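Colleague: Sending over a structure as structure tokens; questions will come in a sec.
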Amino acid sequence: MRVVIADKFPENYLLEFRSLGLEVEYRPEASATELPAIAGDCEILVVRSTKVTRETIEAASRLQLVIRAGAGIDTIDVDAASARGIYVTNCPGKNSVAVAELTVGLILALDRRIPQNTADLREGQWNKKEYSKADGLKGKTLGLVGLGSIGQAVARRAAAFEMNLVGYTRSPHLELAQSLGIVPCATLFELAERSDVVSVHIPGTAENRGLFGDAFFARMKHGASFVNTSRGSLHDTAALEKAMRERNLRVGLDVYNPEPEGGTASFDHPLCKLPGFVGTHHIGASTEQAQNAIAAEAVRICREFIKLGQPQNAVNIERASPAKVQLIVRHYDRVGVLASVLAIVRKYGLNVEEMTNTIFAGAKAAVATIRLASAPPLAMTTEIEDLKDQIIQVTVKPF
Ligand SMILES: NC(=O)C1=CN([C@@H]2O[C@H](COP(=O)(O)OP(=O)(O)OC[C@H]3O[C@@H](n4cnc5c(N)ncnc54)[C@H](O)[C@@H]3O)[C@@H](O)[C@H]2O)C=CC1
Ligand SMILES: O=C(O)CCC(=O)C(=O)O
């Protein structure tokens, strides 16, 4: 099998890929536009920030698995992959601590204006008078949007600063919130109104695009802080700029919209020049620890995929199966039995939605579970039962 690694990857984990017997093509400088040509004949594609477009998916006729060596999957055209039966996986939770640490760094930097202090010192300017004005974090309220892996890691760290925690999530998990000392908010606006600092930890999906705009910022307290280490598509840049100018909002960003694709580029962003801004270069996941944890997970996914034919952490499996009925066929483990059964299913015009075949110890018998969208007619099950010397038992159960 051939794997293309189209991003920078730790050297020792490249060796691990090779030790799996894979032919590894390492292309750390590959861009999204070059990828269709590079990934043309690989079975497995591993990317970190490089975008995997529809063109790449369609050009890679042997592709079976895309591993996103990170958390967010908005850089992959998942719909295009699903339409061609290609698995997409990510490495959930493996870079959460790194992002949480950076988030706390941005929150502290905003409160004490650490980068602005440093800039003045560099300019030969002593200004204790100005920089002595800071609030402090103890007793302030941190509003966490999203209580997944990163939101939880930020909560644990903010608790050590004795901050009060409120949270908003689409999938409320009251026990979890309680165990982290987070008071749930019923709406995003309630969170905006209660928080001194808002920190965003949700995916950059189409439905979350622009979630943080004029209406949200208008509800935040004057002089509060907004931190986004998730995705630039989540905030409206013009609305943020307005809130910074009119409501004295402080802003800490690791992510931008748009963001340069490569590691270096010129970058002219309206917010970066404003005094209440602190920013980093989408480096949330960029610690040795996180990169090694991500690489180890990518290797593990590959190893399991080679062994079982199915990857862990797949994000594009249909969860709500269209199947309504299970046709359970106990049969002798012989050549052609399944083909005969499926030929009968086909004759009756039923579509197989899902199917598994489990072999019993000794490999004499097996059970096939064939999931169908609608109930099979009696004539069909009778016809299967009548397959001489092939079938042990046929049952039908609702699914
Ligand atoms: N700056 C960086 O380098 C990094 C950024 N990220 C970003 O952080 C995001 C979050 O990562 P994880 O916490 O690991 O993901 P996660 O999947 O563990 O958690 C995301 C949570 O957000 C919730 N959610 C989704 N939409 C929501 C909405 N509209 N309102 C409230 N809750 C909502 C989900 O239910 C889920 O619980 C990633 O999707 C990625 O975009 C992740 C890693 C590195
Ligand atoms: O690997 C990176 O630098 C980006 C990480 C990221 O944004 C993610 O994991 O979603």
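The values are calculated or read from the model by the stated rules, or taken from the named source; none is laboratory data. Since this is a predicted model, take the numbers as computed values, not measurements. Here the Cβ positions follow ideal geometry from the backbone for every residue, glycine too, while neighbour counts run over all protein chains shown. We work out accessible area using only protein heavy atoms, side chains counted, and drop any ligands, DNA or RNA first. Shrake-Rupley method; radii C 1.70, N 1.55, O 1.52, S 1.80 Å.
Colleague: For the range 345-372, what are the residues that are among the hydrophobic types (A, V, I, L, M, F, W, C), in contact with an Asp or Glu (Cβ under 9 Å, 6 or more places away or on another chain) and surrounded by 14 or more Cβ atoms within 10 Å (Cβ to Cβ)?
Modeller: Residues satisfying the conditions are Ala365, Ala366, Ile370, Leu372.
Colleague: Still on this structure, please answer the following. Suppose we filter the range 375-399 for residues that are of a type in the set (A, V, I, L, M, F, W, C) and more than 15 Å from Leu350 (Cα to Cα); how many remain? Reasoning before the result, please.
Modeller: Taking the range 375-399 first, the residues of a type in the set (A, V, I, L, M, F, W, C) are 375, 378-380, 384, 387, 391-392, 394, 396, 399.
Then drop every residue that is not more than 15 Å from Leu350 (Cα to Cα), which leaves 387, 391-392, 394, 399.
So the count comes out to 5.
Colleague: Mind checking which residues of the range 149-175 are within 16 Å of Thr187 (Cβ to Cβ) and in contact with a Leu (Cβ under 9 Å, 6 or more places away or on another chain)?
Modeller: Residues satisfying the conditions are Val166, Gly167, Tyr168, Thr169, Ser171, Pro172.
Colleague: Just one of Glu190, Glu246, Glu241 is acidic (Asp, Glu) and touching a helix residue (DSSP H, G or I) at 6+ places or on another chain (Cβ under 7 Å); which is it? Walk me through how you get there before you give the answer.
Modeller: Working: Glu190 fails: touching a helix residue (DSSP H, G or I) at 6+ places or on another chain (Cβ under 7 Å); Glu246 fails: touching a helix residue (DSSP H, G or I) at 6+ places or on another chain (Cβ under 7 Å).
Every option except Glu241 fails the conditions.
Colleague: In this structure, does Val24 turn out to be within 14 Å of ligand 2 (Cβ to nearest atom), closer than 30 Å to Gln312 by Cβ and not in a loop (DSSP other than H, G, I, E, B)?
Modeller: Values: within 14 Å of ligand 2 (Cβ to nearest atom): no; closer than 30 Å to Gln312 by Cβ: yes; not in a loop (DSSP other than H, G, I, E, B): yes.
The answer is no for Val24.
Colleague: Taking strands (runs of 3 or more DSSP E) that do not extend beyond the range 139-245, which have at least 2 residues that are out of contact with any Gly (no Cβ under 8 Å at 6 or more places or on another chain) and at pLDDT 95 or above?
Modeller: 141-145
Colleague: Contact list please: Cβ distance under 9 Å, first residue in the range 330-341 and in a strand (DSSP E or B), second residue modelled with pLDDT under 95, pairs at least six apart or on different chains.
Modeller: From the range 330-341, the pairs are Tyr332/Asp389.
Colleague: Could you grab me the full set of residues in the range 103-144 that are within 16 Å of ligand 2 (Cβ to nearest atom) and of a type in the set (A, V, I, L, M)?
Modeller: Leu106
Colleague: How many residues are among the β-branched types (Val, Ile, Thr), open to solvent by 10 Å² or more (accessible area, probe 1.4 Å) and either away from ligand 2 (no atom under 16 Å from the Cβ) or over 30 Å from Thr33 (Cβ atoms) (or both) if we restrict to the range 209-260?
Modeller: Count: 1.
Conditions tested, residue by residue: (1) touching a strand residue (DSSP E or B) at 6+ places or on another chain (Cβ under 6 Å); (2) away from ligand 1 (no atom under 13 Å from the Cβ).
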| site | (1), (2) |
| --- | --- |
| Gly40 | no, yes |
| Lys51 | no, yes |
| Leu65 | yes, yes |
| Ser96 | no, no |
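Colleague: Take the range 56-102 and flag every residue that is in a loop (DSSP other than H, G, I, E, B), more than 13 Å from ligand 2 (Cβ to nearest atom) and surrounded by fewer than 23 Cβ atoms within 10 Å (Cβ to Cβ).
Modeller: Matches in the range 56-102: Ser61, Arg62, Gln64, Asp77, Arg84, Gly85, Ile86.
Colleague: Would you confirm, using the coordinates I've provided, whether Gly105 is open to solvent by 30 Å² or more (accessible area, probe 1.4 Å), under 22 Å from the mean Cα position of the chain (by Cα) and either touching a residue at least 24 places away in the same chain (Cβ under 8 Å) or within 16 Å of ligand 1 (Cβ to nearest atom) (or both)?
Modeller: Considered against the rule, which asks whether it is open to solvent by 30 Å² or more (accessible area, probe 1.4 Å), under 22 Å from the mean Cα position of the chain (by Cα) and either touching a residue at least 24 places away in the same chain (Cβ under 8 Å) or within 16 Å of ligand 1 (Cβ to nearest atom) (or both), Gly105 comes out as no.
Colleague: Also, I was wondering about something else. Within the group Ala323, Ala293, Ala285, which residue is assigned to a helix (DSSP H, G or I), in contact (Cβ under 8 Å) with a residue 40 or more places away in the chain, at negative phi and surrounded by 15 or more Cβ atoms within 10 Å (Cβ to Cβ)?
Modeller: Criteria check complete, one pass: Ala293.
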